[in-house]
Structure formats: structure tokens, C-alpha cells
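What follows is one structure encoded as C-alpha cells, with my remarks underneath.
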Amino acid sequence: MAKPMMSVGWVLAAETSNVGVQDAYEEARTTLHTQLEQQFPQFHWQMELVQEYRYPSYGLLEPLPLLEMGVHEKLSRGWDFALVLVPNDLAPRARTFTIGVPSSALEVAVLSSARLGGAASLADRIAALALHLLGHVWGLEHEDQSPMCPPESCDILRLHPFSQEQQQSVAHRLAEVADARVEEEDPEISRLRFYWRSLWADPTSVAVD
């Protein structure tokens, strides 16, 4: 029996001439892909990286338009989830700065690599932050250890596997996504159901850092 497909699209939304940053994005994608395959082998993981440069690499970016961009790419490309990456700082709402904004309702997260350090550890930190944000998208809350440790309280972002309890919770969420995909063969019906679920699941999530 074939494994259910689970797709996470990576969208590079801001142009950068820094080859080291570009390479770090690609390396982080590969690293996270391997991590998820190891921890959730019951799914066939697909991670496509696309370049949709709509912003320059300088200046603050508002998270909301980036989340909307992620939703558009997710729906148009048939992904289950989307990560939107930028080298820019994100405009914070309630904090001094923010390095990521997840939305479980939209099934999208925005990640900024602006404050993740130099090239030597950048890829690992991007992968770790991406897993943290996906954890929120998949319904997990902050914890003192594991990938769900709040990034601002961790000395160094490192890629860790989910705990057994977290793994079970995420696996259940992913199975629901896979089952819903089978039921929603019509793309237009799928789109309408997605927006309906988004409205009722968490209507304020996009406003929270």
C-alpha cells in the first residue's frame, strides 16, 4: 500500500544576491526533509523549493502579505503546507523583533533568516526554526525542550526531533490532512473548504507573532 503524500512547499519571497543565504535555504530544506522522513516514515514527504521574488532583500516586511502569498502558492501548487522564507526582518506586532509567524488556520508559516547568524550555522538554524514553526502549524504549543522551545529563550537554535507525545499529535494531524485530501478531489471544493476551515479554526491567528 502506497504511503500518503505529505507536501511542504518552500517559497523564497525576497530576492537576495547572497549566495551563502541561497545555499543555506536549500541545505535547510534537505535537512528538514530528512528529519521528517525519519520521524514520520508513514508518509511520503515532498518538499519543493520555488523562487517567487516579490520583495527586495532590504527593509522590514509585514507578515500578513507573506502569509497571504503562502496561501496562494499552497493552493495553486497543491501543497499541504507552505513555508515562506525571507532574508528581511519581519515587522513585529508585540515584540522587539520576530523571526517567524505561523498560522495553523492557514497552514502556512513565515520565516525570517535575518537574525539567525552567519553562514557556518545558518542552514541548521533555518531548519530548526522551520520545524518549530511547522510544529505550531500542526497544533503544538511551546514547551521547555524539544523543537517547541521558544526560539528567543534558546541560546542556539538546533534541530531536535519531536518528543513521543508531540510525534503522536503531529501524526494524527497529518493523517487528518491526508484523509481530507482524498475526500476533496475537486480543486474548487477543496479551496472553498480550506477557507471555511480557516475562518472557523482560528480567525485571529494571522495577527499573532
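Computed from the coordinates by the stated procedures, all read-outs in this text should not be read as laboratory data. This structure is a prediction, so every number in the text was calculated from the model and none was measured. No Cβ is skipped: glycine too gets one built from the backbone with ideal geometry, and neighbour counts run over all protein chains shown.
Before moving on, here are some points about what is shown:
- For the stretch 35-71, backbone nitrogen atoms closer than 13 Å to the point 7 Å from E15 Cα along Cα-to-C-beta are found at 52-58.
- A simple spin-label model places the labels of I156 and A114 2.5 nm from each other, with each point 7 Å out along Cα-to-Cβ.
- Estimated inter-spin distance, E143 and E37, nm [label 7 Å along Cα→Cβ]: 2.5
- DSSP bridge orientation in the chain - percent antiparallel, rounded to nearest 5: 20
- In terms of packing, defined here as the mean over residues of other Cβ atoms within 10 angstrom, the peptides 159-165, 109-115 line up highest first as 109-115, 159-165.
- Where only DSSP H runs of four or more residues are counted, the chain gives -14500 deg cm²/dmol as its mean residue ellipticity at 222 nm, each run worth -39500 (n - 2.57).
- Cα point-scatterer Debye curve for the stretch 92-182, base-10 log of I(q)/I(0) at q = 0.11, 0.23 Å⁻¹: -0.33, -1.22
- Spacing of the two label points (7 Å from each Cα toward its C-beta) at Q51 and E165, in nm: 4.4
- Three-way shape label, the stretch 4-56, alpha-carbon gyration tensor, a/c 1.5: oblate
- The Rg/Rh ratio of the stretch 54-131, with both radii computed over alpha carbons and Rh defined as the Kirkwood radius, is 0.96.
- If you take the alpha carbon atoms of the stretch 5-192 and fit the smallest convex hull around them, that volume is 112 Å³ per residue.
- In the stretch 1-94, the ratio of gyration radius to Kirkwood radius, Rg to Rh, stands at 1.01 when only Cα atoms are counted.
- Whole-Å semi-axes of the stretch 132-182's equivalent ellipsoid (Cα gyration tensor): 24, 10, 8
- Peptides 3-14, 122-133 ranked from most to least packed by the mean count of surrounding Cβ atoms within 10 Å: 122-133, 3-14.
- Cα centroid separation, the stretch 107-136 to the stretch 14-79 (Å): 10
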